[in-house]
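The next block holds one structure in the form of structure tokens; read it before the comments.
Laboratory data are not the source of any read-out in this text; all were calculated from the coordinates shown. Keep in mind that this is a model prediction, so the values were computed, not measured. Note that we place each Cβ from the backbone using ideal geometry, even for glycine, and neighbour counts take in every protein chain shown.
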Amino acid sequence: MAKNAKKSSGPKPERLSFPDDETRFDWLPMLLDAYYIADKGVHDGIKLRLNQGQKLACAKGCSTCCSTHITIPVYPLELSGIYWYTMEKTENDRRKALKEQLSNFTENDPCPFLIKGICGIHPMRPLACRHFNVFHKPCDENEDPYFTRRNDVLTPIKKYKEKALAAMLPFHKITQRSEKIKAMKTGLIHTYAKNLQEVEWVKLAERLYITAS
Ligand code: SF4
Ligand code: SF4
């Protein structure tokens, strides 16, 4: 998914930090923890493959995947993050572009957060986007390498992926260890996900405040 800067596995990921907002919103630390775990897993997964001599194809400005993927799961906690980030953390010009795309978005369009080949919500891009990395060569136009060359697609390291998903469970009032284990085993967490293409983004567009320039 649209990468803002990546050629190697890069420096070790750091947990994103928004101290004031994390005080305002009790769900935000949960989301940032989940993304931190996922980012560490992706970093380690890429490193393993680079050590095998493989070359990461994803790079800044490469974004075909954001146009071709039509089933991107997005979990409720992630939706909160996307709403918050888009409404409060984007600059006016970017918010204006996002408002327009979100207002006019229809299901088969490229992802409405893609602005000039760059992810407009990069720090808050969903887990699915964070996990999607491709090796050897960039995706061709309209290619989904998951189907054309599955071996070139990073398989997220299971323990990180599951830990990241489990970190989101308290958002659904699932806090006990036994409940969490059950929710992960039964796949309950996945039943909460929506398809990004099917979200009514116009509702977010309506909430975006644009200042006159
Ligand atoms: S190589 Fe494919 S998956 Fe990677 S950023 Fe480019 S289009 Fe997306
Ligand atoms: S949120 Fe959209 S633009 Fe951003 S990486 Fe994911 S698919 Fe691409």
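Report, in deg cm²/dmol and to the nearest 500, the calculated mean residue ellipticity at 222 nm for the chain, where each DSSP H run with n ≥ 4 adds -39500 (n - 2.57) and the sum is divided by the residue count.
Mean residue ellipticity at 222 nm (helix-derived): -12500 deg cm²/dmol.
Roughly what would the spin-label model give for E143 and N92, points 7 Å off Cα along C-beta, in nm?
The modelled label-to-label distance comes out at 4.2 nm.
Expressed in nm to one decimal, what extension gain is obtained for the pair K158 and I181 from 0.36 nm per residue of sequence separation less their Cα-Cα distance?
Fully extending the segment from K158 to I181 adds 6.8 nm.
Quick one: grab the alpha carbon gyration tensor of the range 59-213, order the square roots of its eigenvalues as a ≥ b ≥ c, and give me rounded if a/c is under 1.5, else prolate or oblate depending on whether a/b is larger than b/c.
oblate
State, as an integer percentage, the relative contact order of the range 1-141 based on alpha-carbon contacts under 8 Å between residues 6 or more apart.
Value for the range 1-141: 39 percent.
Among Y85, I118, P11, whose Cα lies farthest out toward the positive end of the dipole of the range 1-158, if unit charges sit on the beta carbon of Lys, Arg (+1) and Asp, Glu (-1)?
P11
Please report the spacing between the Cα centers of the range 124-142 and the range 37-70 in Å, no decimals.
Measuring centre to centre over Cα atoms gives 6 Å.
Relative to the present Cα-Cα distance, how much length would full extension add between S17 and T106 at 0.36 nm per residue of separation?
Full extension from S17 to T106 adds 28.8 nm.
Order by neighbour count: Y85, Y209, Y146, fewest other Cβ atoms within 10 Å first, most last.
Going from least to most buried by this count: Y209, Y146, Y85.
With a cut-off of 8 Å between alpha carbons and a minimum separation of six or more residues, what is the relative contact order of the range 107-213 in percent?
Relative CO of the range 107-213 lands at 21 percent.
Report, in listed order, any pair from K116/K137; K116/K194; K47/K173; K55/K89; K60/K159 with a Cα-Cα distance greater than 23 Å.
Cα-Cα > 23 Å for K116/K194; K47/K173; K55/K89; K60/K159; rest within.
Grab the other residues whose beta carbon is less than 12 angstrom from that of E88, score K and R as +1, D and E as -1, and report the net.
Local charge sum for E88: +1.
Calculate the dipole size of the range 46-143 relative to its Cα centre from +1 charges on Lys and Arg beta carbons and -1 charges on Asp and Glu beta carbons; express the result in debye to the nearest 20.
Computed charge dipole of the range 46-143: roughly 500 debye.
Within the set of other residues whose C-beta is less than 13 Å from the C-beta of L165, count the net charge using Lys and Arg as +1 and Asp and Glu as -1.
Residues close to L165 contribute a combined charge of +4.
Using the crude model of +1 on Lys and Arg Cβ and -1 on Asp and Glu Cβ, and no other charge, please compute the dipole size for the chain relative to its Cα centre, in debye to 20.
900 debye
What is the distance, in nm, between label points placed 7 Å from the Cα along the Cα-to-Cβ direction at E206 and at Q54?
Here the modelled spin labels are 4.4 nm apart.
Quick one: net charge of F135's neighbours, Cβ under 10 Å, K/R +1, D/E -1?
Spelling it out: positives minus negatives among the neighbours equals +3.
Where the only charges are on Cβ atoms (+1 Lys, Arg; -1 Asp, Glu), what is the dipole of the range 94-213 about its Cα centre, to the nearest 20 debye?
So the dipole magnitude of the range 94-213 works out to roughly 840 debye.
Along the Cα→Cβ direction, 7 angstrom out, place labels at D26 and K47. What is the inter-label distance in nm?
Distance between the two pseudo-spin positions: 3.5 nm.
Which of the three applies to the range 1-140, rounded, prolate or oblate, going by the alpha-carbon gyration tensor with a ≥ b ≥ c and a/c under 1.5 meaning rounded?
Verdict is oblate for the range 1-140.
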